Amino acid sequence: MDKRHVSFSKIPQFRDVVRNVGRQSQFVGLDANNEPIINPHVAKPTITFNGTVKLHGSNGAVCVSDEGEIWSQSRKKILSIEADNNGFYQFCHDRLDCFVDLLDQIPGKGGIKSIFGEYCGKGINQGAAIHELPKMFVIFAVKIVPVEGDSYYINSDGLRNSEARIYNIADFKTFRCSVDFNYPELSQNTFVELVDEVENECPVGKSFGVSGVGEGIVWTGEYDGVRHVFKTKGQKHSVSKVRKVGAVDIEKINSIKGFVEYSVTENRLNQAVTEVFEGENPTIKKMGDFLRWIMRDIAEEEADTLGTNGLVLKDVGRAVSNKARAWFQELLDENRGMN
């Protein structure tokens, strides 16, 4: 495969991953017009994300083709001695043997193998603790571009050469957080606390004896073979254009969750079917009637429970409908399987 620039995927925000995971988990197939069919009644997964410190430097990579040609690149272009990027070309040229050794450690043959990382340190941006350190390259990903098929990322944790100031982001403090995508808001406060921690004291700078501001955290998780990545940044980092993940009222969300478990019971759901269908087989056409019966019954029977929990009907409407809708869809699927 010829030498060419290999792009690094843009890192989205948490709200983008919430949407993407929802679509992936509820995807059924394609219709006659090749448009996606989404089943909103399917429960969404819980995914554990691993977090690494986001460094405020310059995205760079060192690549090798299947012919053995090696090159360095910035986020947008292949570099040369005449077209460098903050000295990254020279940094890689001076450590060519080190990068050859690292590239040889990546499994597989054919196509292009790329080691991505953050080139950072003195003179490369400003405002964070790492900008007081000598220039270094911190590896955070390996991308494979095969001769045929789609490109993909593999684990890069084993790649490093600290003597050459080539580090791995896994060498520094890492984080962990599980997200229930049925209630993704429940994880937001954890993200806020952790990104504030990094902002107040950059773990990478601290490991080198430098105290100061950190930029944020990059989170990576996987669901059903698909890699999901997002970033969280705080407000102290003035160059950031990424909206801070906001804190939420966890107590209220837990109250909603608890109320739904308490009120949307098997007995109430079965009663709704009896009342709405009056002995007829349930059909998707009357799902709206089924959901409205559930909401009316809860409004009439559980008003005092709502008040005790500091809630109103509007607070719980979506969560009640989601649980009832999923149950009703399972009922329809079971009935189809019996016919």
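The values are calculated or read from the model by the stated rules, or taken from the named source; none is laboratory data. Being a predicted model, the structure only gives us computed values, none of them experimental. Every residue, glycine as well, gets a Cβ built from its backbone with ideal geometry; the counts of neighbours run over all protein chains shown.
Please find, among Asn155, Asn161, the residue that is at pLDDT 95 or above and surrounded by fewer than 19 Cβ atoms within 10 Å (Cβ to Cβ). The conditions single out Asn161. Do we find that Glu278 is modelled with pLDDT under 90 and more than 37 Å from the chain's Cα centre (by Cα) in this structure? Yes: the conditions hold for Glu278. Per the conditions (1) at positive phi; (2) crowded, with 16+ Cβ neighbours inside 10 Å, the sole criterion not satisfied by Gly127 is (2). All of Asp66, Asp97, Asp2, Asp16 fail the test of being of a type in the set (D, E, K, R) and either outside the structural domain of Thr190 (by TED's automatic domain parsing) or free of Cβ contacts under 8 Å to residues at least 24 places away in the same chain (or both), apart from Asp97. Every test in (1) surrounded by fewer than 18 Cβ atoms within 10 Å (Cβ to Cβ); (2) of a type in the set (A, V, I, L, M, F, W, C); (3) in contact with a Leu (Cβ under 6 Å, 6 or more places away or on another chain) is passed by Val64 save one, and that test is (1). Counting only helices (runs of 4 or more DSSP H) wholly contained in segment 253-314, the ones carrying 3 or more residues that are touching a helix residue (DSSP H, G or I) at 6+ places or on another chain (Cβ under 9 Å) and not β-branched (Val, Ile, Thr) occupy 266-277, 287-301. Only one of the listed residues (Lys206, Lys143) is at pLDDT 95 or above and either crowded, with 19+ Cβ neighbours inside 10 Å or within 25 Å of Val6 (Cα to Cα) (or both). That residue is Lys143. The set of residues in segment 161-187 being part of a helix (DSSP H, G or I) and either charged (D, E, K, R) or in contact with a helix residue (DSSP H, G or I) (Cβ under 7 Å, 6 or more places away or on another chain) (or both) consists of Glu163, Ala164, Asp171, Pro184, Glu185, Leu186. Among the residues making up segment 43-69, those that are β-branched (Val, Ile, Thr) and either farther than 30 Å from Ala319 by Cα or in contact with a helix residue (DSSP H, G or I) (Cβ under 6 Å, 6 or more places away or on another chain) (or both) are Thr52, Val53, Val62, Val64. Among residues belonging to segment 87-124 that are buried (at least 18 other Cβ atoms within 10 Å of the Cβ) and more than 28 Å from Ser151 (Cα to Cα), point out the one that is modelled with the highest pLDDT. Checked segment 87-124; the qualifying residue modelled with the highest pLDDT is Gly121.
Just the residues that are in contact with a strand residue (DSSP E or B) (Cβ under 9 Å, 6 or more places away or on another chain) and either surrounded by fewer than 16 Cβ atoms within 10 Å (Cβ to Cβ) or outside the structural domain of Gly60 (by TED's automatic domain parsing) (or both), please, taken from segment 21-37. Answer for segment 21-37, where residues must be in contact with a strand residue (DSSP E or B) (Cβ under 9 Å, 6 or more places away or on another chain) and either surrounded by fewer than 16 Cβ atoms within 10 Å (Cβ to Cβ) or outside the structural domain of Gly60 (by TED's automatic domain parsing) (or both): Arg23, Phe27, Val28, Gly29, Leu30, Asp31, Pro36, Ile37. Being in a loop (DSSP other than H, G, I, E, B) and touching a residue at least 24 places away in the same chain (Cβ under 8 Å) holds for only one residue in Gly205, Gly149, Gly158, and it is Gly158.
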